[in-house]
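The values are calculated or read from the model by the stated rules, or taken from the named source; none is laboratory data. Bear in mind the structure is a predicted one, so any value in this text is a computation, not a measurement. Positions of Cβ are generated from backbone atoms using ideal geometry, with glycine treated the same way; all protein chains shown enter the neighbour counts.
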Amino acid sequence: MLKIQEIREIIKLVDSSSIDEFVYEVADTKVKLKKHSGVAVVTEAPVVKVAPVAAPAPIAAPAAPVAAPAVAEAVQAAPAVDASLYKITSPMVGTFYQAPNPESPAFVKVGDKVGEEAVVCIVEAMKLFNEIEAEVSGEIVEILVKDGDLVEYGQPLFLVKEN
């Protein structure tokens with residue numbers, strides 16, 4: 001079975017290329033990517049289906065619209081991110097979980113040392129729980145999302161100070 005990093009690399013390569021469709025099969029694993037109108041759909045058989053790479057379908061607007069100044073203040077209040085820190089990003093659209101189940105402790109917390117293959121969280125997509133690995137060795141400096149939050153493809157989840 002392909003690792004999530006390998007799938008990410010395939011997505012990046014196909015996304016940056018001029019090809020519209022890519023299929024990769026080995027034993028019981030199949031990865032098929034198609035680009036249509038800037039959207040790449042990835043599936044891995046028989047176990048993993050990854051949600052669309054582009055932004056998800058729009059959510060219905062709330063009953064009372066949010067005031068524009070409140071949104072502007074929220075954007076201005078966002079802290080500046082140190083460029084020297086590595087960002088662990090979400091490889092898919094889904095729900096972020098810090099622990100394997102509600103009774104278990106979080107995979108990592110601020111200050112924890114992690115290795116390249118250390119699982120730092122789970123992103124649930126289409127009822128499948130995908131373990132996200134650190135990809136670098138270092139120390140977790142900040143957790144950018146809350147447990148149960150919806151995350152987008154490419155959204156930063158953690159900041160890591162590399163060793």
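One table, with the values for the structure above:
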{"read-out": "Flag for ASN130 being within 23 Å of ASP15 (Cα to Cα) and of a type outside the set (D, E, K, R)", "value": "yes"}
{"read-out": "Selected residue [modelled with pLDDT under 95 and surrounded by fewer than 16 Cβ atoms within 10 Å (Cβ to Cβ)] from MET126, MET92", "value": "MET126"}
{"read-out": "Qualifying residues in the stretch 137-149 (those that are crowded, with 16+ Cβ neighbours inside 10 Å and touching an Asp or Glu at 6+ places or on another chain (Cβ under 6 Å)) - the one farthest from VAL110 (Cα to Cα)", "value": "GLY138"}
{"read-out": "Matching option when the condition is aliphatic (A, V, I, L, M) and modelled with pLDDT of 95 or more, among VAL136, VAL81, VAL120, VAL75", "value": "VAL120"}
{"read-out": "Qualifying residue in the stretch 47-67 (condition: in a helix (DSSP H, G or I) and at pLDDT below 60)", "value": "no"}
{"read-out": "Strands (runs of 3 or more DSSP E) within the stretch 80-125 that include 2 or more residues farther than 11 Å from ILE140 by Cα", "value": "94-97, 119-125"}
